[in-house]
1. Of the residues A:Thr14, A:Thr65, A:Thr89, A:Thr46, only one is more than 29 Å from B:Ser85 (Cα to Cα) and either among the polar types (S, T, N, Q) or touching a His at 6+ places or on another chain (Cβ under 6 Å) (or both); which?
2. Name the residue that is surrounded by the fewest Cβ atoms within 10 Å (Cβ to Cβ), counting only residues in segment B:196-211 that are within 8 Å of another protein chain (Cβ to nearest Cβ) and under 12 Å from the mean Cα position of the chain (by Cα).
3. Within segment B:190-198, does at least one residue satisfy the condition of being within 27 Å of B:Ala56 (Cβ to Cβ) and touching a Phe, Trp or Tyr at 6+ places or on another chain (Cβ under 6 Å)?
4. Quick one: count up the residues across segment B:176-190 that are buried (at least 24 other Cβ atoms within 10 Å of the Cβ), facing chain A (nearest Cβ under 10 Å) and not small (Gly, Ala, Ser).
5. Among what's in segment B:28-43 and is more than 20 Å from B:Tyr205 (Cβ to Cβ) and without any contact (Cβ under 8 Å) to a residue 12 or more places away in the chain, pick the residue that is nearest to the other protein chains (Cβ to nearest Cβ).
6. Picking from B:Gly110, B:Gly23, which residue would you name as being more than 11 Å from chain A (Cβ to nearest Cβ), of a type outside the set (Ser, Thr, Tyr), surrounded by fewer than 20 Cβ atoms within 10 Å (Cβ to Cβ) and under 28 Å from A:Thr14 (Cα atoms)?
7. In the set B:Val163, B:Val193, which member is within 14 Å of chain A (Cβ to nearest Cβ), part of a helix (DSSP H, G or I), β-branched (Val, Ile, Thr) and surrounded by 15 or more Cβ atoms within 10 Å (Cβ to Cβ)?
8. Looking at B:Gly77, B:Gly52, B:Gly65 in this structure, which one is more than 9 Å from every other protein chain (Cβ to nearest Cβ), part of a helix (DSSP H, G or I) and over 30 Å from A:Ala88 (Cβ atoms)?
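FYI, it's all coordinate maths here, none of it is from the lab. All of these numbers come straight from a predicted model, not from anything done at the bench. A quick note on method: Cβ atoms are made from the backbone with ideal geometry, for glycine too, and the neighbour counts reach across all protein chains shown.
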Amino acid sequence: MKANEIVRRAAAWTLALLGMFAVSVAAAHWLHGGPALVVAMAIATTQAAFVIIVLMDQRRAPAATRFAAAAGFIWLLLLLALTFADVATRAPAS
Amino acid sequence: MSTGALHEPFEDLGRQRDAAEFGMWVFLASEVVFFGAMFAGYAVYRHQRPEGFAVAGQHVDLVLGSINTILLLTSSGTMSVAAWSARANLRQPTMIALAATLLLGLGFLGVKALEYQQDLHEHLWPGDPMFPSDLPGARSFFAFYWLMTSVHAIHLSIGIAAVSITLVRMRLRRAAWHRSGLLHALALYWHLVDVIWIFLFPLLYLVGRSA
C-alpha cells in the first residue's frame with residue numbers, strides 16, 4: 001500500500017469516529033435520563049468496535065489473538081454481571 | 001548495533017509477529033478488566049445516586065473534554081498510519097506518523113493538566129470543604145472522575161514514552177521496525193488507551209447535560 005492510500009484510509013476512519021463523537025455530544029443535550037445513557041453507550045460501543053476491528057486489525061488477526069481479545073471482554077461482562085447481580089439482590093438497609 | 005528483527009526462541013518472523021500480537025492482546029485483556037472494575041464501581045454509584053451524578057457532571061468542562069477527545073481520536077488515526085506504513089516498509093511516513101501521535105498525546109496531557117488546575121480552582125475535589133454540592137453522589141462522581149482520568153493519563157503517559165523510545169530508536173536505526181511486529185504491538189496499546197477514553201468521555205462529560 002502506498003503512503004497516500006494509507007493516510008486516506010486512516011483519515012476516513014478518523015473522520016467517522018469524530019462524526020460519532022459529535023453525534024454523542026449533541027444527543028446528550030437533547031435526550032434525558034435513561035435514553036441519554038443508552039444512546040451514549042451505543043455510540044461509544046460502535047466507536048470502540050470500529051477501533052478494535054479496523055484500526056487494531058482484528059479482521060486480519062489469527063484465531064488465538066481474537067480469542068485473547070474476546071476473553072478480555074467476556075471477563076469484563078462477567079465482572080459487570082456479577083457486580084450488578086450483587087447490587088440488585090441486596091436487601092434494603094434497615 | 002544490531003537491528004536484527006528475529007529473536008529467540010522464534011523460528012521465523014511470522015511466528016514472532018504473531019506472538020507479539022497475541023502477547024499484547026493478553027495484556028490488553030487484563031487492562032480491560034482493570035479499567036472494567038472502575039467502570040463497574042461508577043455504574044453502581046450512578047445507579048444509586050443519579051441526581052448527584054447529574055448535578056456533579058454539569059461542573060465538568062465539556063469544552064476541554066471535547067478537545068481531548070478530538071486529540072485522542074485523531075492520534076488513533078496517526079498511530080494507524082504509523083503501523084500500516086511500517087507494514088508497507090515505508091520508513092519516513094512511519095516516523096512522521098509516530099511524531100504526530102506523540103504530539104497529539106502530549107497535547108492531551110497538556111489539556112488535562114489545564115483542566116485539573118481549573119477543577120481544583122473550582123473546588124471540585126471530593127474532600128474539599130468548599131465543594132459546590134451537598135447532594136448525595138456528587139462527591140462520589142468526582143472521586144471516580146479523578147481516579148479514572150488520572151489512571152487513564154498514566155496509561156497514556158506510558159504510551160507516549162513507548163512512542164518516544166520507538167521514534168528515537170528508528171531515528172538511530174536501532175529498531176527492527178518493519179518486520180518484527182513492534183509497531184503493530186505499540187499501536188494496539190495506543191488504540192486501547194483510546195478505547196478507554198471513548199467510554200470515559202460520555203460517562204464523565206455528558207452526564208446531566210440536558211438538565
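1. A:Thr89
2. Applying the filter and picking the extreme gives B:Phe199.
3. The answer is yes; a qualifying residue exists.
4. 2
5. In this case the residue turns out to be B:Ala29.
6. Of B:Gly110, B:Gly23, the one residue that is more than 11 Å from chain A (Cβ to nearest Cβ), of a type outside the set (Ser, Thr, Tyr), surrounded by fewer than 20 Cβ atoms within 10 Å (Cβ to Cβ) and under 28 Å from A:Thr14 (Cα atoms) is B:Gly110.
7. B:Val193
8. Result: B:Gly65 is the single residue among B:Gly77, B:Gly52, B:Gly65 that is more than 9 Å from every other protein chain (Cβ to nearest Cβ), part of a helix (DSSP H, G or I) and over 30 Å from A:Ala88 (Cβ atoms).
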